[in-house]
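The values are calculated or read from the model by the stated rules, or taken from the named source; none is laboratory data. These numbers were taken from a predicted model, which means no experiment stands behind them. Heads up, the Cβs are rebuilt from the backbone with ideal geometry, glycines too, and the neighbour counts pull from every protein chain shown. Calculation scope for accessible area: heavy atoms of the full protein, side chains included, ligands and nucleic acids excluded. Shrake-Rupley method; radii C 1.70, N 1.55, O 1.52, S 1.80 Å.
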Number of protein chains: 4
Amino acid sequence: MALLDGKRLALATVSSGRCPAVAELRLPGIFLDRWCGARGAMGDRPAGCFAHEIRVTWGDCDPAKIVYTGRIPWFSLDAINAWWEEHVGEGWYQFEIDRNMGTPFVHMSFDFRKPITPRHRLICHTWPESLGETSICFRVEGTQDGALCFEGRFVCVFTKADSFRKTPPPKDIRDIVTPHLPQRV
Amino acid sequence: MALLDGKRLALATVSSGRCPAVAELRLPGIFLDRWCGARGAMGDRPAGCFAHEIRVTWGDCDPAKIVYTGRIPWFSLDAINAWWEEHVGEGWYQFEIDRNMGTPFVHMSFDFRKPITPRHRLICHTWPESLGETSICFRVEGTQDGALCFEGRFVCVFTKADSFRKTPPPKDIRDIVTPHLPQRV
Amino acid sequence: MALLDGKRLALATVSSGRCPAVAELRLPGIFLDRWCGARGAMGDRPAGCFAHEIRVTWGDCDPAKIVYTGRIPWFSLDAINAWWEEHVGEGWYQFEIDRNMGTPFVHMSFDFRKPITPRHRLICHTWPESLGETSICFRVEGTQDGALCFEGRFVCVFTKADSFRKTPPPKDIRDIVTPHLPQRV
Amino acid sequence: MALLDGKRLALATVSSGRCPAVAELRLPGIFLDRWCGARGAMGDRPAGCFAHEIRVTWGDCDPAKIVYTGRIPWFSLDAINAWWEEHVGEGWYQFEIDRNMGTPFVHMSFDFRKPITPRHRLICHTWPESLGETSICFRVEGTQDGALCFEGRFVCVFTKADSFRKTPPPKDIRDIVTPHLPQRV
């Protein structure tokens with residue numbers, strides 16, 4: 001199941017110092033179309049978190065008739081920017097130009113569960129998973145027709161845009177984000 | 001430092017089971033020393049591995065005057081496809097259409113080290129890190145003017161394109177990939 | 001004013017066999033920020049025609065802080081595909097895969113009036129301008145905050161998707177498109 | 001034939017003042033003979049003009065197994081930017097940031113002749129067709145395996161980047177462009 005679970009897969013990668021593909025050698029053969037369950041992933045998605053809808057189009061697809069992998073990060077970033085627009089009333093454009101605040105990405109990871117097609121809208125469930133002193137971690141889960149298609153984890157650092165230096169976010173940003181963080185019991 | 005510590009964050013994620021942004025707050029400085037900079041990353045890049053050159057353009061950049069994060073996966077996939085073209089003489093297009101072979105991505109992760117700009121060509125150093133029974137892991141390190149800008153790890157599964165079922169790769173593909181795998185002592 | 005009027009500009013191009021830039025030499029110098037009126041263009045837009053809304057993002061912009069020109073055709077094609085989805089209940093994806101019908105583009109032209117930014121939604125007013133025996137012409141006008149940003153004209157040919165041969169569209173498509181054509185008095 | 005007659009349609013548009021799709025219905029066969037094929041187009045391409053090579057990839061293609069129309073303007077803009085880099089030693093990025101010079105597009109048109117695939121490199125033959133007092137017109141012809149796939153015409157205006165005001169280009173730019181303009185007998 002290593003390939004099915006982003007966290008366990010990443011753990012294998014790092015702790016073994018080897019690539020997932022190697023770890024996967026120890027796995028029983030399974031079919032790609034059986035790789036769609038993601039209870040663990042769905043489990044920690046906050047109920048009623050922000051959902052950004054994407055109208056998947058013909059031009060997003062490759063000759064395999066499914067969305068090209070390279071488009072999925074683009075969708076995810078649109079969802080994160082939409083999260084900011086929805087909750088702060090501003091997106092990255094206003095952050096940079098009006099607030100001199102940047103949020104460059106330092107890390108991004110994806111697990112792909114199920115192909116995406118134009119047959120349904122893609123719903124990108126998006127929430128901040130944690131807020132550090134100078135960074136924030138977003139999660140995005142993309143679903144179509146109720147099925148999980150991909151999940152991603154994104155780490156951004158808050159910076160002064162003009163100097164590109166790491167800095168804590170403004171208080172209003174922290175106050176807006178905090179209530180949306182998952183409760184840790 | 002934040003832009004340099006993607007790998008540290010990734011390690012923290014896993015070992016703590018929590019999001020990098022939170023873990024980051026309590027990492028001892030020794031971690032900073034061990035994980036900042038690109039030594040580790042550059043360390044395991046095979047000498048003389050395939051280098052795919054990308055002409056970064058104005059249109060790849062965002063208002064921060066650096067390449068938009070969403071473009072970097074696209075560059076990386078182009079580099080992996082170019083690796084196949086260089087070594088097999090065919091890319092994903094020919095695999096799918098002429099061989100009925102797909103290589104869908106099941107995992108993709110990136111650590112971003114340094115902004116990319118159009119001031120230099122982007123060199124995507126690309127190599128297969130491991131070959132599983134039915135999957136392959138590629139690594140891509142993007143450098144500009146000798147400095148590491150990002151590194152990515154990509155896991156693809158070999159499939160029968162028409163049935164979208166996981167399957168071992170053809171022998172000629174395995175024979176072409178194997179000599180390019182890093183020697184494990 | 002040649003640069004302000006797609007039709008007159010194109011006329012100059014073709015009838016004189018010279019490029020607009022040459023025709024423009026005869027024009028009094030005017031400022032780009034005065035080039036935004038487009039009464040003629042607005043004049044022939046059917047009242048209440050289909051409007052496709054695009055959430056312009058940071059990633060669509062270039063370092064000039066406005067949408068990169070290369071993104072505008074992509075927006076326009078999304079709007080045309082959305083027109084089909086709205087009126088037929090299917091887009092290009094379903095046309096190709098479910099109906100074996102293609103609508104490849106044979107011509108596309110744009111006049112750019114005003115920069116697009118993420119400050120407002122981009123409304124793509126979209127309508128079929130004419131329907132030929134085997135082709136269709138779409139018009140798209142993109143506006144932000146009520147101001148015309150660009151207008152485009154698009155000619156597609158109906159084809160049998162598998163043979164890529166030109167063919168008249170199915171009757172149901174013709175019947176759906178016809179009432180949306182501008183009335184010609 | 002439809003895929004070959006973009007230029008015919010464009011002429012029809014203008015001479016009839018109506019949309020190509022309508023005009024096309026009543027064009028005498030002589031037009032077909034005169035405007036099909038690429039003779040005319042190839043005819044005015046300067047011998048040995050700058051050629052920008054594009055490695056077309058899987059991700060550029062849509063489910064019709066050909067390059068998505070929305071990608072072709074992007075390729076063309078890359079070719080024009082490459083023309084600047086080749087002849088001035090700087091592209092749009094350096095123009096804007098180092099010279100405070102912008103070259104926004106005011107017009108862009110394409111005729112599509114033949115589908116583009118990853119089977120061959122796409123060669124974008126690129127040249128300035130005319131230079132106005134404050135604007136420049138570029139032509140791009142894209143060929144694969146010697147066959148014309150598309151041709152495009154692009155009009156840019158020279159501006160002061162910070163004020164976004166139209167202005168004549170610097171003398172060095174004019175001196176570099178002029179020798180590359182087609183000789184008009």
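Rounded to the nearest 20 debye, the dipole magnitude of the range C:50-180 is 320 debye, with +1 charges on Lys and Arg beta carbons, -1 on Asp and Glu beta carbons, and the Cα centre as origin. Relative contact order, whole percent, for the range C:50-180 stands at 27, derived from Cα pairs under 8 Å and 6 or more residues apart. Per-residue surface analysis assigns residue D:55 an accessible area of about 70 Å², computed on protein heavy atoms at 1.4 Å probe radius.
Does the range A:69-136 classify as rounded, prolate or oblate by the C-alpha gyration tensor (a ≥ b ≥ c root eigenvalues; a/c under 1.5 gives rounded; else a/b over b/c gives prolate, otherwise oblate)? Taking the square roots of the gyration eigenvalues as a ≥ b ≥ c, the range A:69-136 is prolate. Looking at the range D:100-171, the accessible area is 28 square angstrom per residue; that uses a 1.4 Å probe and ignores ligands, DNA and RNA. Each of B:138, B:91, B:118 was scored by the projection of its Cα onto the charge dipole of the range B:50-180, and the greatest displacement toward the positive side belongs to B:118; charges sit on the C-beta of Lys, Arg, Asp and Glu. In Å², nearest 100, what accessible area do chains B and A bury in total when the solvent probe is 1.4 Å? That pair of chains buries around 4700 Å² in total.
Just the protein heavy atoms count here, and of the accessible area of the range B:50-180 at 1.4 Å, carbon and sulfur take up 47 percent. Computed with every protein chain present, the accessible area of residue C:120 is close to 80 Å² [probe 1.4 Å]. Put B:87, D:107 in order of accessible area, highest first, and with a 1.4 Å probe you get B:87, D:107. List the residues of the range C:90-126 whose accessible area drops by at least 40 Å² when all protein chains are present, compared with their chain alone, using a 1.4 Å probe and counting only protein heavy atoms. Hits at the 40 Å² cut-off: C:92, C:93, C:96, C:97, C:105, C:106, C:107, C:108, C:110, C:112, C:118, C:119. For the range A:145-185, what class follows from the C-alpha gyration tensor (a ≥ b ≥ c being the square roots of its eigenvalues): rounded when a/c is under 1.5, otherwise prolate if a/b is larger than b/c, else oblate? Judged from the Cα gyration tensor, the range A:145-185 comes out oblate (a/c at least 1.5, b/c at or above a/b).
Take residue C:133, push a point 7 Å out from Cα through the beta-carbon direction, and compare it with the same point in every other copy: 4.8, 6.1, 7.6 nm, smallest first. Each Cα pair of the range B:116-185 feeds into the Kirkwood radius, which the Stokes-Einstein equation turns, at 4 °C and 1.567 mPa s, into a diffusion coefficient of 93 µm²/s. Taking all protein chains as shown and a probe of 1.4 angstrom, residue B:93 keeps an accessible surface of around 10 Å².
Reducing the range B:97-144 and the range A:88-140 to their Cα centroids gives an inter-centroid distance of 22 Å. Its Cα centre serving as origin, the range B:44-108 has a Cβ charge dipole (Lys and Arg +1, Asp and Glu -1) of approximately 240 debye.
Ranked by solvent-accessible area (1.4 Å probe, protein heavy atoms only, all chains present), the residues D:133, B:129 order from largest to smallest as D:133, B:129.
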